[in-house]
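Just so it is clear, none of the values below were taken in a lab; they were calculated from the coordinates. Bear in mind the structure is a predicted one, so any value in this text is a computation, not a measurement. For neighbour counting, all protein chains shown are included, and Cβ atoms are generated from backbone atoms with ideal geometry for every residue, glycine included.
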Amino acid sequence: MYLEHISEPADLRELSYEQLDDVAGEIRDFIVAAVADTGGHLGSNLGAVELTLALHRVFDSPLDAVLWDTGHQAYVHKIVTGRQAQFEELRQAGGLSGYPSREESSHDYIENSHASTVLSYAYGMCVARDAGTDPHRHIVAVLGDGSMTGGMAYEALNNIGHGGRNVIMVLNDNGRSYAPTVSNLSANTQGQDPQANHPSLPDRMTDRLSHALTDIRLNPVYVRRQRRLEEFLQSLPVVGHQAGSAMDAFKAGVREFLQPPSFFEALGVRYVGPFNGHNVEELEHALHNAIELSDEGPILVHVLTQKGRGYSPAEDDDEKHLHDAPVFDPATGPPKAVATGYTQAFAESIVKAAENDDRLVAITAAMPGPTGLLPFQERFPDRFFDVGIAEQHAVTAAAGMAMGGLHPVVAIYSTFLNRAWDQVVYDVALHRLPVIFCLDRAGVTGPDGASHHGVYDMALLAKVPGMRVLAPSSAQELAQMLHDATSLVNEGPIAIRYPRGAARQVDEHQVGAGLRARRVRTGSDGCIIAIGRMLEVAENAADALAADGCDVTVWDARCCAPLDPEMIADAAGHPHVVTIEDGIRAGGIGMTITDEVCALDATTPVSVLGLPTQFIAHDPKPANIHARAGLDVDGVVAAMRSR
């Protein structure tokens, strides 16, 4: 066993390549066992083992900054930087984060869990290094799992190339993000026609030429001679300019024929590859040469890896190669992922809605499975659009579709909608377009931590002119809201936000309609207004209060913006009002309720319960986070009795 003796990257440099093969196998077994116990990201880390070993043998972290995008592929990095023992509490309360964490290790620089940002970080760090304020020697940006489908990556790439910043970029191309990567830049064949694994003779010859050209262009001696030749041609009298241009055209033609990703070089970034991402020796050779070449400007090293490598259940998972997994038996692998709870309710409802409205289309940003759109894709393939990790584009594309007479449904995680805020406001709402936003994972989500809690959507969206914001308290409410939204959307955009996990099941008499609130029970001693999933807490709190002789009214707000005037008027008639929501308290729906209640009766006290304005750490049990914030039965009872 070699792994138990690795506590820092330097320990890897003493090993032979044969020993490294054994280490790679041990790491894969370790990751499978760890994720089986706690849940987490599996496939992407299994595919990044050899790449991570090569990076940490060539570069000297933390003197060299190794930056990960996306951060969920950094488990191997954590293992070889001294955090093996902490994997027993991966994604548990107070335990190891599922992403890089500056609090955990000096080897982690960016807590990067939202894709496509690393090149911007790298550009900024290079500027600081060149200004003498950043001590890092080499800045290495590792992109992967579809992060090159995000527009921000291209914005940064343009700046890096234009500025000639000597960033070393490693493109970990596994052909996928969560689902298969939506990009023409991916050279990986995963998920493509199996015949692609048996290329024709001309294709094999082209591949050999391409690799030969890569070997030549990675050789610093060749690069220096090339520069001298170019300078010589340019210096020739009379014909120098034409000779230099001819050389450039020849090189461009060869690149275009043999290396389609010459796109990078058009932006001023040297491109080399692709390389076998599971061959440590080949990777080390490429990375060492990249260091030498980086003195002349930015360089991108293209690496091909297999997501889920070495674990057959992941390799055989056609949908996502076990991108993420719940707790499971490592001997058999996790069961096939299926939508559950609110996500399943959405999946069923959007198919029904599309059967009744042929203008309805669905858009997602690389998350067809997690958002419940796979049944829709199968039923209506021509009306389904996965745009990759590109939320801004998804929203404005939806605006364009709406302008053209379609009724787009944008299915996206609440936390990822933050990335498209400008587009929601000015491309959709300003034009009063018929776009429906279905926001999964709203509120506290649990083990993924601060970056994935969807706590801002209500406070933000409720302030957008013309936006209607709905929050279902059950699976049946979600179905009703989506049904109603297909007609209400003609008057402008609608957002429906719902949480991760199990959904309450209720009968038809416990479902509201339209934009109206629903009174759940009536009492005279106080009023509780609950938002979405918090209705169950409110009802249980009302039972506890009733047992102590305090009868309260309970409202399911249903529509957070605009608020139902009947609900507000009723609340203003009670001696005390308590609001509870699974979103930030400051500027949230409870604050708006307070304003509207007090506008009718300034003497009515309102207690607002919500989440604090702070980053909330990961905890696999959202109920624990709610309890710490007072969003549980005890918290509601205490708030009602505080009057």
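Worth pointing out:
- Computed 3J(HN,Hα) for the stretch 270-275, one whole-Hz value per residue from the Karplus formula 6.51 cos²θ - 1.76 cosθ + 1.60 where θ = phi - 60°, is 5, 10, 9, x, x, 10, glycine and proline marked x.
- Looking at the stretch 519-641, the pairs of alpha carbons with a distance over 24 Å make up 20% of the total.
- When the alpha-carbon atoms of the stretch 463-584 are used, the pair Rg, Dmax equals 14.4, 47 angstrom.
- Computed Rg/Rh of the chain, alpha carbon atoms with Kirkwood Rh: 1.03
- Helix 151-163 axis, angle to the chain major axis (alpha carbon atoms, nearest 10°): 40 degrees
- Overall form of the stretch 378-442 per C-alpha gyration tensor (a/c, 1.5; a/b vs b/c): oblate
- FRET efficiency, 1/(1 + (r/R0)^6) with R0 25 Å, evaluated for His483 and Met403 via beta carbons: 0.55
- Glu296/Ala33 FRET efficiency (R0 60 Å; Cβ-Cβ; nearest 0.05): 0.85
- One chain, two ends: Ser524 and His285. Fully extended at 0.36 nm per residue, the span grows by 78.4 nm beyond their Cα-Cα distance.
- Separation of the Asp358 and Leu600 label points, Cα + 7 Å toward Cβ, nm: 4.6 nm
- At q = 0.12, 0.18, 0.21 Å⁻¹, base-10 log of I(q)/I(0) for the stretch 1-100 (Debye sum, equal scatterers on each alpha carbon): -0.34, -0.80, -1.10
- Of Val633, Leu611, Ala571, farthest towards positive along the dipole that unit charges on Lys, Arg, Asp, Glu beta carbons give the stretch 519-641: Leu611
- Arg383, Arg558 arranged by Cβ crowding within 10 Å, fewest neighbours leading: Arg383, Arg558
- Stokes-Einstein translational diffusion, the stretch 341-497 - Kirkwood Rh over all Cα pairs, 1.306 mPa s, 10 °C, in µm²/s: 105 µm²/s
- The length gained on full extension between Arg379 and Ser312, counted as 0.36 nm times the residue separation minus their Cα-Cα distance, comes to 21.2 nm.
- Which of Ser414, Ser349, Ser294 has the fewest Cβ neighbours within 10 Å, and the rest in rising order: Ser294, Ser349, Ser414
- As a proxy for reagent exposure, Ser113, Ser642, Ser44, Ser451 were ordered by neighbouring Cβ count within 10 angstrom, fewest first; the result is Ser642, Ser451, Ser113, Ser44.
- Here each label is just a point 7 Å from Cα along the line to Cβ, and for Trp421 and Arg641 those points are 3.9 nm apart.
- Modelled spin labels at Gln614 and Arg628, positioned 7 Å past Cα toward Cβ, are 0.8 nm from each other.
- In the chain, the longest principal axis of the Cα atoms and the axis of helix 49-58 are about 60 degrees apart.
- Of the trypsin sites (Lys or Arg not before Pro) found in the stretch 284-380, those in coil by DSSP whose Cβ has at most 13 other Cβ atoms within 10 Å are Lys336.
- Proximity of backbone amide H atoms, modeled 1.01 Å from N, is registered between Arg500 and Arg441, Ala442 at under 5 Å, excluding neighbours fewer than 5 places apart on the same chain.
- FRET E, pair Asp22, Glu89, Förster distance 25 Å, beta-carbon r, rounded to 0.05: 0.40
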